[in-house]
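Notes to accompany the following structure.
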Amino acid sequence: MVAFGDICEDEIEAFLLSHIDIPYFRNNPSYISLWQRYYYKTKEPGVLFLMKYKKVSQYYHWIYVELSRLFMKNGHYGISRAILDMGIACNAYDKKVLKDEIEKIPLSTTVFSDHETSALINPKGFVALGKVWNSYRETLFYNRELFILDGEEISFEEYRSRIWSKKTALSCPRVSHRVETDVPSREEHSLNNKTRILSRGSCRIHNQDGRKRENNSAEVTENILASGQEIIIDDLIYYIKEVIDEKRYRMICISNEVSKDLMNRGDLLLHEVSKTTIDLIQKLDSNYVPPFNVKKLGSRMFLLYDFYYFGSLKSCLDVPTSIRSNIALYFMAQLADIFNEMKKVGLGFTSFSLESLCVSEDCRLKIVDFDWSLESPEINYGEIMRDFLQQYTNFPTDAPDITEKIRSELEKIKLKELIVKYKIHIYEKICKYP
């Protein structure tokens, strides 16, 4: 049996800390009395905030009364009332004490929601018992395995400085594949001026000894793109971090001299397509595809665009049930617009899945599957939408004007708040936040 009354003044802090995470003591009367003793001695608000943060005295009226008086002393009558109401709502003992305390609070026109109340009584970075509590947690997401040199895991900056320097870009011990041109670049702009097509001429590969050897373009670019290699495009050096599939390569620019805009863009995707596909993409509204540049490496055509960290639509629907239905409706309305646009310009997916779309950081759907056809596809888009709704929502799917009903339902939703909650979840998932 722990004897709380025998603890001397110099030992209180250490004792409170040693028992603070033991659930049994959180509502133990003797342990709470020790907290009271410490608070009356120090009169530090952080002690009350720490008790609330660690749920000490959660079911005893004292913590709510003291927090209420703390805010009332500073003239915040609305929050004082909200704190006492919170204690009553959680059935804290003794309710009569809490109700009597409410009678002492002057009337206030300010009404605080539960969320606002919680934010005020759970401040970030407060100090108590000589420590900082509830501080902001900064998580840096970095996959160290992507940068390995001679079997040693190193940071991105160290990798870049050791491999590529301004003076000796050709002196690295590994083979780098460089795409150069002996003819001027030719730029062709689409109607929205977002697509830039660069024609390339002959290619050269640099051997390990730095000497150049001529090669046929088709030979040079055949099977040269692999994880861990470097490729030079427009005099910029890119490191291939991952081969996603036979057509898509995740890269990052590692050149020393690179524009701030490119450095801030993060990872890029090099996506191999056909010339016909590029022509088809330019028929579509640019809002439905990633902003891209077209690169010709040897005989192969590629789209170069930002890598979407949020992932595919399918992975982005792996969210808490509290927001899943509404966020699914939000994306369904966009999906309907995409299907209508493709139908209007006479395009169709040869096959379709939720992996055919990615979600941008502003929560807009972008097509990343460019296996399209000008012929009338056999895909029933209406059936796809109904299956989508049945899987992720409880929305009725038997109405003929289902798209309009979805838009009507979205008008009732506070979309701004929904998107904020959704982004928080996605960013935490990306950073593997517990």
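Bear in mind that the values in this text are calculations on the coordinates, not laboratory data. All values derive from a computational prediction rather than experimental measurement. Neighbour counts are summed over all protein chains in view; Cβ atoms, including those assigned to glycine, are modelled from backbone coordinates with ideal geometry.
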- Message: Between Ser135 and Thr42, what's the calculated FRET efficiency when r is the beta-carbon distance and R0 is 22 Å? Round to 0.05.
- Response: 0.60
- Message: Using 0.36 nm times the number of residues separating Glu9 and Thr277, minus their current alpha carbon distance, what extension gain do you get?
- Response: 88.8 nm
- Message: Can you give the local net charge around Glu404? Use residues other than it whose beta-carbon is closer than 13 angstrom to its beta-carbon, Lys and Arg +1, Asp and Glu -1.
- Response: -2
- Which FRET efficiency value, to the nearest 0.05, is calculated for Glu153 and Lys344 with the Förster distance at 41 angstrom and r the Cβ-Cβ distance? 0.25
- Message: What do you get for chymotrypsin sites (Phe, Trp or Tyr not before Pro) in segment 26-98 restricted to DSSP loop and a cutoff of at most 16 other Cβ within 10 Å of the site's Cβ?
- Response: Tyr59
- With label points built 7 Å along Cα→Cβ from the Cα atoms of Glu257 and Arg407, find their separation and express it in nm. 5.2 nm
- Kindly state, as a whole number, the per residue volume in cubic angstrom of the convex hull around the alpha carbon atoms of segment 313-430. 108 Å³
- Message: Only sites in a loop by DSSP and with at most 12 other Cβ atoms within 10 Å count here; which GluC sites (Glu not before Pro) in segment 233-330 make the cut?
- Response: Glu246, Glu257
- Task: Could you list which residues have their amide H under 5 Å from that of Val289, counting only those 5 or more apart in sequence or on another chain, with H placed in the peptide plane?
- Result: Ile367
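Multiplying the sequence separation of His115 and Lys55 by 0.36 nm and subtracting their Cα-Cα distance, what value in nm do you get?
Working: separation 60, 0.36 × 60 = 21.60 nm, distance 1.70 nm.
Using 0.36 nm per residue and subtracting the Cα-Cα distance, I get 19.9 nm.
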